[in-house]
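Novice: Pasting a structure here, questions to come.
The values are calculated or read from the model by the stated rules, or taken from the named source; none is laboratory data. Treat the numbers as computed from the prediction; the structure is a model and nothing was measured. Positions of Cβ are generated from backbone atoms using ideal geometry, with glycine treated the same way; all protein chains shown enter the neighbour counts. Side chains included, ligands, DNA and RNA excluded: accessible areas come from the protein's heavy atoms. Shrake-Rupley method; radii C 1.70, N 1.55, O 1.52, S 1.80 Å.
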Amino acid sequence: MNKLLLGSALLALPFAGQASDPFQKLSAYFVNTGIEANGGEDDGSGFGISGAARVADQAYVLGEYQSAELDDSDVDVDQLRAGVGFHTAPASGSPMFYGQGEFVSIELDDEEQDGFGVYGGILFPATEQLHLYGELGYLTLDDLDGLEFSVGGAFDITPNFGLFAEYRVSALEDDDDSELDLTDVKLGVSLLF
């Protein structure tokens with residue numbers, strides 16, 4: 001009986017007292033990208049990497065690259081993002097608000113759209129290990145602009161390793177009111193610092 005209790009306690013140790021920094025991580029993920037434009041739609045899968053690093057108490061830099069090949073059209077959808085952000089001071093168990101600005105480059109089959117995005121978000125610690133977040137922003141690219149939102153969650157398995165899931169929608173329009181909707185569903189792992 002004592003061995004069972006000791007084994008259970010040892011297994012629970014990696015889960016105890018975790019408070020990882022959501023702005024100090026390196027992630028790799030699988031992505032399913034959907035595109036809807038001009039009455040047609042397609043989707044496909046790919047991969048991505050992202051990361052964030054703290055540069056001051058409440059400031060951080062972030063970056064992301066992802067690539068997906070659409071199934072029906074064999075078109076590649078590549079996205080590159082890099083930016084800076086600031087957040088409110090963390091308080092135990094309280095939501096944290098943040099804002100960030102990013103350079104954004106979206107390439108669809110050799111047609112590249114560059115610009116920037118501005119975002120505001122909330123990060124809610126549901127438990128010590130589970131963080132939920134939501135973000136709303138606006139993208140302005142060469143010929144497209146529009147709203148972008150994302151929701152997701154991250155679960156810290158140990159102080160240095162976690163899992164995450166995210167859903168992001170970019171609803172873009174050009175000057176002729178032609179719409180381009182990009183949807184990304186991400187599932188991945190994170191190395192936490």
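Novice: Just the residues that are of a type in the set (S, T, Y) and within 15 Å of the chain's Cα centre (by Cα), please, taken from the stretch 38-89.
Specialist: Hits for the stretch 38-89 are S50, Y60, Y65, S67.
Novice: Go through the stretch 100-184 and tell me which strands (runs of 3 or more DSSP E), entirely inside it, have 3 or more residues that are under 16 Å from R81 (Cα atoms) and open to solvent by 70 Å² or more (accessible area, probe 1.4 Å).
Specialist: 111-125
Novice: Among the numbered conditions (1) in contact with a helix residue (DSSP H, G or I) (Cβ under 7 Å, 6 or more places away or on another chain); (2) within 17 Å of L108 (Cβ to Cβ), tell me where T158 comes up short.
Specialist: Of the numbered conditions (1) in contact with a helix residue (DSSP H, G or I) (Cβ under 7 Å, 6 or more places away or on another chain); (2) within 17 Å of L108 (Cβ to Cβ), the odd one out for T158 is (2).
Novice: Could I ask something else about it? Run T88 past the list (1) under 20 Å from L191 (Cα atoms); (2) modelled with pLDDT of 90 or more and report the number of the one that doesn't hold.
Specialist: Every listed condition holds for T88 apart from (1).
Novice: Could you check, for the stretch 167-190, whether at least one of its residues is over 28 Å from L70 (Cβ atoms) and touching a strand residue (DSSP E or B) at 6+ places or on another chain (Cβ under 9 Å)?
Specialist: The answer is no; no qualifying residue exists.
Novice: For the stretch 80-103, what are the residues that are of a type outside the set (D, E, K, R) and touching an Asp or Glu at 6+ places or on another chain (Cβ under 7 Å)?
Specialist: Hits for the stretch 80-103 are A82, G83.
Novice: Failed condition for P159, given (1) in contact with a Ser or Thr (Cβ under 7 Å, 6 or more places away or on another chain); (2) under 13 Å from S20 (Cα atoms); (3) modelled with pLDDT of 95 or more, with all others met?
Specialist: Result: P159 fails condition (3) only.
Novice: Within the stretch 45-73, track down each residue that is closer than 12 Å to L108 by Cβ and either open to solvent by less than 70 Å² (accessible area, probe 1.4 Å) or modelled with pLDDT under 95 (or both).
Specialist: S67, A68, L70, S73
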